[in-house]
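**Student:** Attaching a single structure in C-alpha coordinates format; questions to follow.
The values are calculated or read from the model by the stated rules, or taken from the named source; none is laboratory data. Since the structure is predicted, the reported quantities are computational estimates derived from the model, not experimental observations. No Cβ is skipped: glycine too gets one built from the backbone with ideal geometry, and neighbour counts run over all protein chains shown. Only protein heavy atoms, including side chains, enter the accessible area calculation; ligands, DNA and RNA are left aside. Shrake-Rupley method; radii C 1.70, N 1.55, O 1.52, S 1.80 Å.
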Amino acid sequence: MSRSYRIAVLSGDGIGPEVMTEALRVLDAVEAKFGFTTTREERLVGGAAIDATGHPLPTETVASCEQSDGILFGSVGGPKWESLPPDIQPERGALLPIRKHFGLFANLRPGVCLPSLTHASPVKNELIPNGFNVLCVRELTGGVYFGQPKGREERDGEPVAFDTMIYRKSEIDRILRVAFTAAMGRGKRLVSVDKANVLATSVLWRETAVEVAKDFPEVELSHLYVDNAAMQLVRRPDSFDVLVTENLFGDILSDEMAMISGSLGMLPSASLGKQKEGGLYFGMYEPSGGSAPDIAGKGVANPIAQILSAAMLLRFSLGENEAASAIEAAVAKAIDDGFRTGDIATGAAGETKVGTTGMGDAVLARL
Ligand code: IPM
Ligand code: MG
(Lines give C-alpha, C1' and ligand atoms only; values in the text may rest on other atoms or scores of the structure.)
(Ligands and ions follow the chains in the order given, each with its own letter.)
Protein backbone atom coordinates (compact mmCIF):
# COMPACT_ATOMS: atom_id res chain seq x y z
CA MET A 1 0.00 0.00 0.00
CA SER A 2 1.31 3.41 -0.83
CA ARG A 3 2.22 5.70 2.00
CA SER A 4 -0.02 8.72 2.33
CA TYR A 5 0.04 11.77 4.56
CA ARG A 6 -1.87 14.96 5.24
CA ILE A 7 -0.22 18.35 5.13
CA ALA A 8 -1.73 21.67 6.14
CA VAL A 9 -0.48 24.31 3.72
CA LEU A 10 -0.52 27.85 5.13
CA SER A 11 1.02 30.14 2.52
CA GLY A 12 0.15 33.42 4.23
CA ASP A 13 1.28 36.79 2.97
CA GLY A 14 3.92 38.57 0.92
CA ILE A 15 6.17 36.18 -0.99
CA GLY A 16 4.59 33.24 0.89
CA PRO A 17 2.24 32.10 -1.89
CA GLU A 18 4.81 32.34 -4.71
CA VAL A 19 7.58 30.46 -2.91
CA MET A 20 5.04 27.92 -1.66
CA THR A 21 4.07 27.16 -5.27
CA GLU A 22 7.65 26.06 -5.93
CA ALA A 23 7.84 23.95 -2.77
CA LEU A 24 4.62 22.17 -3.74
CA ARG A 25 5.92 21.45 -7.24
CA VAL A 26 9.01 19.92 -5.68
CA LEU A 27 6.81 17.86 -3.35
CA ASP A 28 4.83 16.59 -6.36
CA ALA A 29 8.06 15.47 -7.96
CA VAL A 30 9.42 13.57 -4.96
CA GLU A 31 6.06 11.93 -4.35
CA ALA A 32 6.10 10.50 -7.84
CA LYS A 33 9.71 9.47 -7.52
CA PHE A 34 9.60 7.90 -4.06
CA GLY A 35 6.08 6.44 -4.16
CA PHE A 36 4.06 8.28 -1.53
CA THR A 37 1.22 10.77 -1.65
CA THR A 38 0.18 13.81 0.34
CA THR A 39 -3.24 15.33 0.74
CA ARG A 40 -2.82 19.07 1.08
CA GLU A 41 -5.30 21.37 2.71
CA GLU A 42 -4.60 24.99 1.90
CA ARG A 43 -5.81 27.31 4.66
CA LEU A 44 -5.79 31.01 5.44
CA VAL A 45 -3.35 32.52 7.91
CA GLY A 46 -1.98 35.95 8.79
CA GLY A 47 -2.97 39.08 6.89
CA ALA A 48 -4.71 37.02 4.20
CA ALA A 49 -6.90 35.53 6.93
CA ILE A 50 -7.55 38.94 8.51
CA ASP A 51 -8.74 40.28 5.16
CA ALA A 52 -11.03 37.31 4.56
CA THR A 53 -12.31 36.57 8.07
CA GLY A 54 -11.19 39.35 10.41
CA HIS A 55 -8.90 37.03 12.36
CA PRO A 56 -5.24 36.07 11.69
CA LEU A 57 -5.75 32.46 12.77
CA PRO A 58 -9.27 31.21 11.95
CA THR A 59 -10.45 28.18 13.95
CA GLU A 60 -10.90 26.37 10.66
CA THR A 61 -7.18 26.75 9.99
CA VAL A 62 -6.28 25.36 13.41
CA ALA A 63 -8.69 22.44 12.87
CA SER A 64 -7.06 21.62 9.56
CA CYS A 65 -3.61 21.68 11.19
CA GLU A 66 -4.87 19.36 13.91
CA GLN A 67 -5.91 16.83 11.27
CA SER A 68 -2.54 16.95 9.57
CA ASP A 69 0.82 15.23 9.98
CA GLY A 70 2.61 18.56 9.72
CA ILE A 71 2.23 22.19 8.70
CA LEU A 72 4.02 23.77 5.77
CA PHE A 73 4.01 27.47 6.52
CA GLY A 74 4.89 30.37 4.21
CA SER A 75 5.18 33.70 5.96
CA VAL A 76 2.87 36.28 7.49
CA GLY A 77 2.72 40.01 7.93
CA GLY A 78 3.19 43.19 5.94
CA PRO A 79 2.69 46.96 6.15
CA LYS A 80 -1.02 46.63 5.50
CA TRP A 81 -1.65 45.10 8.94
CA GLU A 82 1.00 46.90 10.99
CA SER A 83 -1.36 49.45 12.48
CA LEU A 84 -3.72 46.84 13.94
CA PRO A 85 -3.57 46.22 17.71
CA PRO A 86 -0.47 43.99 18.31
CA ASP A 87 -2.44 41.00 19.53
CA ILE A 88 -4.31 40.61 16.27
CA GLN A 89 -1.42 41.43 13.96
CA PRO A 90 -0.43 38.50 11.74
CA GLU A 91 2.76 37.63 13.63
CA ARG A 92 1.54 37.75 17.19
CA GLY A 93 -2.00 36.69 16.39
CA ALA A 94 -1.07 33.64 14.29
CA LEU A 95 2.50 32.47 14.73
CA LEU A 96 2.79 32.54 18.51
CA PRO A 97 -0.62 30.91 19.07
CA ILE A 98 0.22 28.08 16.64
CA ARG A 99 3.51 27.43 18.45
CA LYS A 100 1.78 27.35 21.83
CA HIS A 101 -1.30 25.42 20.73
CA PHE A 102 0.73 22.59 19.22
CA GLY A 103 3.46 22.64 21.87
CA LEU A 104 6.17 23.32 19.27
CA PHE A 105 8.93 23.93 21.77
CA ALA A 106 11.93 23.02 19.67
CA ASN A 107 12.90 25.39 16.91
CA LEU A 108 15.66 24.18 14.62
CA ARG A 109 17.26 26.86 12.48
CA PRO A 110 20.13 25.64 10.35
CA GLY A 111 22.49 28.44 9.33
CA VAL A 112 24.35 27.17 6.33
CA CYS A 113 26.69 29.21 4.18
CA LEU A 114 27.73 27.12 1.19
CA PRO A 115 31.36 27.56 0.11
CA SER A 116 30.10 28.82 -3.26
CA LEU A 117 28.02 31.53 -1.58
CA THR A 118 30.48 33.02 0.89
CA HIS A 119 30.50 36.20 -1.21
CA ALA A 120 26.90 36.81 -0.11
CA SER A 121 27.91 36.80 3.56
CA PRO A 122 28.79 40.13 5.20
CA VAL A 123 31.53 38.26 7.10
CA LYS A 124 34.94 38.74 5.47
CA ASN A 125 35.50 35.95 2.97
CA GLU A 126 38.95 35.02 4.25
CA LEU A 127 37.41 34.19 7.64
CA ILE A 128 35.08 31.59 6.15
CA PRO A 129 36.94 29.99 3.24
CA ASN A 130 34.79 26.86 3.48
CA GLY A 131 31.55 28.55 4.44
CA PHE A 132 29.98 27.25 7.63
CA ASN A 133 27.16 25.12 8.94
CA VAL A 134 25.66 26.00 12.33
CA LEU A 135 22.46 24.60 13.77
CA CYS A 136 20.67 26.97 16.13
CA VAL A 137 18.26 25.19 18.50
CA ARG A 138 15.90 27.72 20.05
CA GLU A 139 13.43 27.06 22.87
CA LEU A 140 10.14 28.29 21.40
CA THR A 141 7.24 28.09 23.85
CA GLY A 142 8.68 29.43 27.11
CA GLY A 143 10.70 32.27 28.55
CA VAL A 144 9.73 35.90 28.34
CA TYR A 145 7.55 35.36 25.26
CA PHE A 146 4.89 33.54 27.24
CA GLY A 147 5.79 34.15 30.92
CA GLN A 148 3.07 35.50 33.21
CA PRO A 149 2.49 38.06 34.52
CA LYS A 150 3.01 40.41 31.67
CA GLY A 151 1.19 43.65 31.20
CA ARG A 152 0.96 47.35 31.59
CA GLU A 153 -0.49 49.56 34.31
CA GLU A 154 -0.24 52.95 35.97
CA ARG A 155 2.07 53.26 38.94
CA ASP A 156 2.51 56.61 40.70
CA GLY A 157 0.96 58.35 37.76
CA GLU A 158 3.19 56.85 35.09
CA PRO A 159 2.81 53.84 32.79
CA VAL A 160 4.73 50.74 33.80
CA ALA A 161 5.11 47.64 31.63
CA PHE A 162 6.49 44.27 32.63
CA ASP A 163 7.27 40.81 31.20
CA THR A 164 8.30 37.72 33.07
CA MET A 165 11.13 35.47 32.03
CA ILE A 166 10.34 32.10 33.52
CA TYR A 167 11.52 28.55 32.85
CA ARG A 168 10.66 25.26 34.44
CA LYS A 169 13.50 22.82 34.68
CA SER A 170 11.53 20.32 32.61
CA GLU A 171 11.24 22.85 29.78
CA ILE A 172 14.98 23.41 29.80
CA ASP A 173 15.73 19.72 30.04
CA ARG A 174 13.64 18.77 27.01
CA ILE A 175 15.08 21.41 24.68
CA LEU A 176 18.61 20.53 25.76
CA ARG A 177 17.95 16.89 24.91
CA VAL A 178 16.85 17.91 21.42
CA ALA A 179 20.07 19.89 21.03
CA PHE A 180 22.34 17.16 22.37
CA THR A 181 20.65 14.61 20.11
CA ALA A 182 21.13 16.91 17.12
CA ALA A 183 24.80 17.37 18.07
CA MET A 184 25.24 13.58 18.19
CA GLY A 185 24.13 13.44 14.53
CA ARG A 186 26.58 16.20 13.53
CA GLY A 187 29.94 17.40 14.87
CA LYS A 188 29.26 16.49 18.52
CA ARG A 189 29.96 20.01 19.77
CA LEU A 190 27.26 21.94 21.60
CA VAL A 191 27.42 25.53 22.81
CA SER A 192 24.77 26.43 25.37
CA VAL A 193 24.06 30.16 25.38
CA ASP A 194 22.79 31.93 28.50
CA LYS A 195 23.26 35.00 30.66
CA ALA A 196 24.09 33.14 33.85
CA ASN A 197 26.08 36.10 35.19
CA VAL A 198 22.81 38.03 35.52
CA LEU A 199 19.64 35.97 35.13
CA ALA A 200 18.19 33.36 37.50
CA THR A 201 16.61 31.50 34.57
CA SER A 202 20.08 31.25 33.03
CA VAL A 203 21.61 29.81 36.20
CA LEU A 204 18.98 27.06 36.14
CA TRP A 205 19.61 26.65 32.40
CA ARG A 206 23.34 26.15 32.87
CA GLU A 207 22.92 23.71 35.77
CA THR A 208 20.48 21.68 33.70
CA ALA A 209 22.83 21.66 30.71
CA VAL A 210 25.60 20.23 32.86
CA GLU A 211 23.26 17.50 34.14
CA VAL A 212 21.86 16.55 30.74
CA ALA A 213 25.40 16.41 29.35
CA LYS A 214 26.01 13.32 31.49
CA ASP A 215 23.60 11.41 29.24
CA PHE A 216 25.58 12.49 26.16
CA PRO A 217 29.22 11.83 27.11
CA GLU A 218 30.37 12.00 23.48
CA VAL A 219 29.17 15.56 23.04
CA GLU A 220 31.57 18.32 24.00
CA LEU A 221 29.51 20.94 25.87
CA SER A 222 30.60 24.53 26.38
CA HIS A 223 28.81 27.62 27.66
CA LEU A 224 28.80 31.16 26.34
CA TYR A 225 27.13 34.28 27.63
CA VAL A 226 24.75 35.58 25.01
CA ASP A 227 26.63 38.84 24.41
CA ASN A 228 29.84 36.92 23.82
CA ALA A 229 28.01 34.41 21.61
CA ALA A 230 26.69 37.25 19.45
CA MET A 231 30.26 38.48 19.04
CA GLN A 232 31.79 35.04 18.36
CA LEU A 233 29.16 34.36 15.70
CA VAL A 234 30.36 37.23 13.52
CA ARG A 235 34.01 36.63 14.37
CA ARG A 236 34.23 32.91 13.62
CA PRO A 237 30.90 31.45 12.53
CA ASP A 238 32.66 28.31 11.35
CA SER A 239 33.79 27.53 14.90
CA PHE A 240 30.22 26.52 15.86
CA ASP A 241 28.46 23.21 15.36
CA VAL A 242 25.22 23.30 17.40
CA LEU A 243 24.02 26.20 19.50
CA VAL A 244 21.16 25.92 22.02
CA THR A 245 19.43 28.74 23.81
CA GLU A 246 16.24 30.12 25.31
CA ASN A 247 13.45 31.78 23.35
CA LEU A 248 14.42 35.48 23.19
CA PHE A 249 18.17 34.91 22.89
CA GLY A 250 17.43 32.40 20.13
CA ASP A 251 15.22 34.88 18.32
CA ILE A 252 18.05 37.39 18.23
CA LEU A 253 20.95 35.02 17.55
CA SER A 254 19.10 33.17 14.80
CA ASP A 255 18.55 36.42 12.89
CA GLU A 256 22.22 37.23 13.27
CA MET A 257 23.16 33.76 12.09
CA ALA A 258 20.76 34.01 9.15
CA MET A 259 22.26 37.33 8.10
CA ILE A 260 25.86 36.12 8.17
CA SER A 261 24.95 33.03 6.19
CA GLY A 262 24.34 35.28 3.20
CA SER A 263 20.69 35.23 2.36
CA LEU A 264 17.55 34.77 4.39
CA GLY A 265 16.10 33.28 1.25
CA MET A 266 18.15 30.11 1.70
CA LEU A 267 17.31 29.09 5.26
CA PRO A 268 14.49 26.76 6.30
CA SER A 269 13.33 26.08 9.85
CA ALA A 270 11.43 23.46 11.79
CA SER A 271 9.38 23.95 14.95
CA LEU A 272 8.81 20.60 16.59
CA GLY A 273 6.72 19.23 19.41
CA LYS A 274 7.36 16.12 21.49
CA GLN A 275 8.78 13.17 19.64
CA LYS A 276 6.06 10.63 18.86
CA GLU A 277 6.32 6.90 19.08
CA GLY A 278 8.27 5.78 16.04
CA GLY A 279 10.55 8.80 16.21
CA LEU A 280 8.56 11.33 14.17
CA TYR A 281 7.37 14.77 15.27
CA PHE A 282 4.38 16.97 14.64
CA GLY A 283 5.89 20.18 13.39
CA MET A 284 5.56 23.42 11.52
CA TYR A 285 8.07 24.19 8.78
CA GLU A 286 8.75 27.66 7.48
CA PRO A 287 11.42 29.80 5.85
CA SER A 288 13.54 31.80 8.30
CA GLY A 289 13.08 34.99 6.30
CA GLY A 290 9.89 37.00 6.49
CA SER A 291 7.13 37.85 4.04
CA ALA A 292 9.39 40.35 2.19
CA PRO A 293 6.51 42.62 1.10
CA ASP A 294 8.92 44.79 -0.91
CA ILE A 295 9.50 42.04 -3.48
CA ALA A 296 6.19 40.18 -3.18
CA GLY A 297 4.33 39.42 -6.39
CA LYS A 298 7.33 40.15 -8.60
CA GLY A 299 8.41 36.55 -9.13
CA VAL A 300 11.95 37.25 -7.90
CA ALA A 301 11.93 35.77 -4.38
CA ASN A 302 14.28 32.91 -3.66
CA PRO A 303 12.13 29.78 -3.10
CA ILE A 304 14.96 27.68 -1.64
CA ALA A 305 14.10 28.31 2.04
CA GLN A 306 10.55 27.15 1.38
CA ILE A 307 11.70 24.14 -0.62
CA LEU A 308 14.16 23.14 2.12
CA SER A 309 11.41 23.62 4.71
CA ALA A 310 9.37 21.06 2.80
CA ALA A 311 12.39 18.73 2.97
CA MET A 312 12.53 19.18 6.75
CA LEU A 313 8.83 18.33 6.94
CA LEU A 314 9.45 15.15 4.99
CA ARG A 315 12.26 14.17 7.33
CA PHE A 316 10.86 15.07 10.76
CA SER A 317 7.10 14.65 10.36
CA LEU A 318 6.66 12.08 7.59
CA GLY A 319 9.81 10.01 7.88
CA GLU A 320 10.40 10.27 4.12
CA ASN A 321 14.14 10.68 4.59
CA GLU A 322 15.22 9.66 1.13
CA ALA A 323 12.92 12.21 -0.47
CA ALA A 324 14.19 14.86 1.96
CA SER A 325 17.81 14.11 1.11
CA ALA A 326 17.03 14.11 -2.60
CA ILE A 327 15.57 17.61 -2.33
CA GLU A 328 18.55 18.87 -0.37
CA ALA A 329 20.96 17.39 -2.90
CA ALA A 330 19.01 18.90 -5.81
CA VAL A 331 19.11 22.34 -4.19
CA ALA A 332 22.85 22.09 -3.56
CA LYS A 333 23.36 20.99 -7.17
CA ALA A 334 21.29 23.88 -8.55
CA ILE A 335 23.49 26.29 -6.58
CA ASP A 336 26.67 24.50 -7.68
CA ASP A 337 25.51 24.72 -11.27
CA GLY A 338 25.31 28.49 -10.91
CA PHE A 339 21.59 29.19 -10.64
CA ARG A 340 21.08 32.42 -8.69
CA THR A 341 18.07 34.45 -7.64
CA GLY A 342 18.75 38.15 -7.10
CA ASP A 343 19.58 37.79 -3.40
CA ILE A 344 22.57 35.52 -4.06
CA ALA A 345 23.69 36.68 -7.50
CA THR A 346 27.02 38.45 -8.04
CA GLY A 347 27.01 38.73 -11.82
CA ALA A 348 30.09 36.50 -12.00
CA ALA A 349 30.73 34.33 -15.05
CA GLY A 350 28.99 30.98 -14.90
CA GLU A 351 25.94 32.30 -13.06
CA THR A 352 22.45 31.98 -14.49
CA LYS A 353 20.14 34.61 -13.03
CA VAL A 354 16.68 33.19 -12.41
CA GLY A 355 13.41 34.20 -10.78
CA THR A 356 11.27 32.21 -8.36
CA THR A 357 9.92 29.80 -10.96
CA GLY A 358 13.30 29.49 -12.66
CA MET A 359 14.91 28.39 -9.42
CA GLY A 360 12.06 25.91 -8.88
CA ASP A 361 12.67 24.57 -12.40
CA ALA A 362 16.42 24.26 -11.73
CA VAL A 363 15.79 22.22 -8.57
CA LEU A 364 13.14 20.07 -10.28
CA ALA A 365 15.47 19.31 -13.18
CA ARG A 366 18.05 17.98 -10.71
CA LEU A 367 15.69 15.72 -8.80
C1 IPM B 1 10.68 34.54 14.58
C2 IPM B 1 9.94 35.84 14.58
C3 IPM B 1 8.84 35.78 15.63
C4 IPM B 1 9.49 35.56 16.98
C5 IPM B 1 7.93 37.03 15.65
C6 IPM B 1 7.35 37.31 14.30
C7 IPM B 1 6.85 36.92 16.69
O8 IPM B 1 10.81 36.91 14.81
O9 IPM B 1 10.08 33.49 14.30
O10 IPM B 1 11.89 34.54 14.84
O11 IPM B 1 9.89 36.54 17.64
O12 IPM B 1 9.59 34.42 17.40
MG1 MG C 1 12.85 36.36 14.87
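**Student:** Which value, in Å to one decimal place, does the Kirkwood hydrodynamic radius take for the stretch 122-261 when every pair of different Cα atoms is included? Don't jump to the answer; show the numbers that get you there.
**Tutor:** Numbers: mean 1/r = 0.0625 Å⁻¹.
Hydrodynamic radius (Kirkwood, Cα only) of the stretch 122-261 equals 16.0 Å.
**Student:** Output the direction-averaged projected area (hull surface divided by four) of the convex hull of the alpha-carbon atoms of the stretch 14-84, in nm². Intermediate results must be reported in sequence, preceding the final value.
**Tutor:** Values: hull surface 20.6 nm².
Taking the Cα atoms of the stretch 14-84, their convex hull projects to 5.2 nm² on average.
**Student:** Step through the table entries 188/274; 124/188; 33/214, compare each Cα-Cα distance with 31 Å, and write down the pairs that go over it.
**Tutor:** Beyond 31 Å: 33/214.
**Student:** Each label point is 7 Å from the Cα along the Cα-to-Cβ direction; what then is the distance between the points at residue 189 and residue 156, in nm?
**Tutor:** 5.0 nm
**Student:** Still on this model: Can you name the helices of the chain, as whole DSSP H runs, whose Cα span along the helix axis is 30 Å or more and whose Kyte-Doolittle mean is not below -1.0? Each step should come with its number before you reach the end.
**Tutor:** Working: long enough: none.
The answer is none, since no helix passes both cut-offs.
**Student:** When the distances between all Cα atoms of the stretch 263-323 are binned every 5 Å from zero, what whole-number percent does each bin get?
**Tutor:** Using 5 Å bins, I get a P(r) of 4, 19, 23, 20, 14, 9, 7, 2, 1 for the stretch 263-323.
**Student:** If you roll a 1.4 Å probe over the heavy atoms of the protein chains, what accessible area per residue do you get for the chain, in Å²? If you can, show how the numbers build up before the last one.
**Tutor:** Details: 15810 Å² over 367 residues.
The answer is 43 Å² per residue.
**Student:** What's the carbon and sulfur percent of the stretch 1-111's accessible surface, probe 1.4 angstrom, rounded to a whole number?
**Tutor:** Working: 2500 of 4640 Å².
C and S atoms contribute 54 percent here.
**Student:** Give the cross-link partners of residue 298 among the aspartates and glutamates, using a straight C-alpha distance below 14 Å as the criterion and excluding same-chain residues fewer than 8 apart.
**Tutor:** Residue 298 reaches 13, 18, 343.
**Student:** Take the Cα radius of gyration of the stretch 11-163 and divide it by 2.2 N^0.38 Å, with N its residue count; two decimals is plenty. If you can, show how the numbers build up before the last one.
**Tutor:** Details: Rg = 19.8 Å, N = 153, 2.2 N^0.38 = 14.9 Å.
That works out to 1.33 for the stretch 11-163.
**Student:** Normalised by the number of residues in the chain, what is the relative contact order in percent for Cα pairs under 8 Å and 6+ residues apart? Don't skip to the answer; put the middle values down first.
**Tutor:** Working: 781 pairs, mean separation 78.3, N = 367.
Contact order relative to length: 21 percent.
**Student:** Taking the inverse of the average 1/r across all pairs of different Cα atoms in the chain, what Kirkwood radius in Å do you get? If you can, show how the numbers build up before the last one.
**Tutor:** Details: mean 1/r = 0.0472 Å⁻¹.
About 21.2 Å, per the Kirkwood formula over Cα pairs.
**Student:** Mind grabbing the accessible area of residue 298 for me, 1.4 Å probe, Å², rounded to tens?
**Tutor:** 130 Å²
**Student:** Between residue 40 and residue 173, with labels modelled 7 Å along Cα→Cβ, what's the label distance in nm to one decimal, could you check?
**Tutor:** Simple spin-label model gives 4.1 nm for this pair.
**Student:** Then there's this: Can you sort 109, 25, 168 by solvent-accessible area, 1.4 Å probe, largest first?
**Tutor:** Accessible-area ranking of 109, 25, 168, largest first: 168, 25, 109.
**Student:** Counting pairwise Cα distances across the stretch 188-347, what percent come out greater than 29 angstrom? Walk me through the numbers before you get to the answer.
**Tutor:** Numbers: 3715 of 12720 pairs.
Summing the P(r) of the stretch 188-347 above 29 Å gives 29 percent of all pairs.
**Student:** Then there is this: Build a GNM of the chain with springs between Cα atoms under 10 Å: which of 171, 91, 158 gets the top mean-square fluctuation?
**Tutor:** Ranking 171, 91, 158 by mean-square fluctuation puts 158 first.
**Student:** For the stretch 122-261, with all protein chains present and a 1.4 Å probe, just round the carbon and sulfur fraction of the accessible area to a whole percent.
**Tutor:** Numbers: 3640 of 6840 Å².
Percent of accessible area from carbon and sulfur atoms in the stretch 122-261: 53.
**Student:** Quick one: compute the contact order of the stretch 122-261, relative version, from alpha carbon pairs under 8 angstrom and 6+ residues apart, as a percent. Please report the intermediate quantities before stating the final value.
**Tutor:** Working: 217 pairs, mean separation 52.1, N = 140.
So the answer I get is 37 percent.
**Student:** Name the residue, out of 94, 48, 349, whose mean-square fluctuation peaks in a Gaussian network model built on the chain with Cα pairs under 10 Å.
**Tutor:** Answer for the Gaussian network model of the chain: 349.
**Student:** For the chain, modelled as a GNM with alpha-carbon contacts under 10 angstrom, which of 156, 238, 69 fluctuates the most?
**Tutor:** 156
**Student:** With a bin width of 5 angstrom, please list the P(r) values of the stretch 148-187 as percents of all Cα-Cα pairs, from the 0 bin to the one holding the largest distance.
**Tutor:** Reading the bins upward from 0: 6, 18, 13, 12, 11, 9, 9, 9, 6, 4, 3, 0.
**Student:** Would you please give the residues with an amide H less than 5 Å from that of residue 166, counting only those at least 5 places away or on a separate chain, with H modeled from the backbone geometry?
**Tutor:** Here 143, 144, 147 satisfy the definition.
**Student:** Follow-up. Please report, in debye to the nearest 20, how large the charge dipole of the chain is about its Cα centre when each Lys and Arg carries +1 at its beta carbon and each Asp and Glu carries -1 there.
**Tutor:** Around 620 debye, computed over the chain.
**Student:** Okay, next question. Given the whole protein assembly as supplied and a 1.4 Å probe, what does the accessible area of residue 88 come to in Å², nearest 10?
**Tutor:** Roll a 1.4 Å probe over it and residue 88 shows about 70 Å².
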